[in-house]
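The structure under discussion appears below in the form of structure tokens.
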Amino acid sequence: MSNDAPAGETIDDEEDHWPAFDITPKAYEEAVAAIAKSMNLDIAGWQVQHLESIKAPDGVYIMDVTARFQLAGMDFLILFECKRHKTRVKRSDVQVLHTKLQSIGAQKGVVVSAAGFQRGALEFAELHGIACVRLVDNAWNYLTRHTTTANPPSLTGSFTGYAITPDDEDYDFTLLTGNADNTRAALMPRG
């Protein structure tokens, strides 16, 4: 059973409180790569690449963004899928990334969305350790999905990343941009 709603329909009539912004898919991927490069994590060899071609046993994958690093003498690979869609990311999009992770042998997957995530996508991501990040224009932080604001912020054209994780009752949004501790926790959770 899928929790994916038809295109253009929100789940449980939830209102989207995030601003829309106009950007090309390539510029969206480049913005994700720029945020990943700026994370300045305390690890060795942090390298980010846009549109990296990776050979796997079942074919070649061109990933939107990759990040490679070494930690404790081991090599790690993070795969980023960038979804600049007008509708929320579906479970099937997260499942595709999960399959790529398995085929390539990467350690972490991150789906970055401009329009948010359907509930089924977030549930699948949580089950399989895939991070869900919302890239939005300007910076403000909602504590849960249902927080509203009377005065939306003015848009600046800068980009901000948020990690979206389910909690007991709803979803939490954690600011990633400019916060290495939050970024580290979202990309490398302690299990």
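Observations, loosely collected:
- Residues satisfying the stated conditions in region 124-151, i.e. more than 12 Å from Ile164 (Cβ to Cβ) and either at pLDDT 85 or above or part of a helix (DSSP H, G or I) (or both): Phe124, Leu127, His128, Gly129
- Within region 32-39, one or more residues are assigned to a loop (DSSP other than H, G, I, E, B), within 19 Å of Ala131 (Cβ to Cβ) and modelled with pLDDT under 85.
- Residue in region 78-101 that is at pLDDT 70 or above, assigned to a helix (DSSP H, G or I), of a type in the set (Gly, Ala, Ser) and touching an Asp or Glu at 6+ places or on another chain (Cβ under 6 Å) present: no
- Residues that are hydrophobic (A, V, I, L, M, F, W, C), under 17 Å from Leu97 (Cα atoms) and surrounded by fewer than 18 Cβ atoms within 10 Å (Cβ to Cβ), drawn from region 27-75: Leu51, Ala56, Val60, Ile62
- Any chance Val96 is of a type in the set (A, V, I, L, M) and either buried (at least 18 other Cβ atoms within 10 Å of the Cβ) or touching a residue at least 60 places away in the same chain (Cβ under 8 Å) (or both): no
- Filtered by the rule that a residue be assigned to a strand (DSSP E or B), over 15 Å from the mean Cα position of the chain (by Cα) and closer than 28 Å to Asp181 by Cβ, region 51-76 gives Glu52, Arg68, Phe69, Gln70, Leu71, Met74, Asp75, Phe76.
- For region 93-127, the set of residues classified as in contact with a helix residue (DSSP H, G or I) (Cβ under 9 Å, 6 or more places away or on another chain) and charged (D, E, K, R) consists of Asp93, Lys108, Arg119, Glu123, listed by residue number.
- Residue list for region 116-130, filter: surrounded by fewer than 24 Cβ atoms within 10 Å (Cβ to Cβ) and either within 11 Å of the chain's Cα centre (by Cα) or closer than 18 Å to Glu52 by Cβ (or both): Ile130
The values are calculated or read from the model by the stated rules, or taken from the named source; none is laboratory data. Just so you know, these numbers come straight off a predicted model, no measurement behind them. Ideal geometry is used to build each Cβ from the backbone, glycine not excepted, and the neighbour counts take in all protein chains shown.
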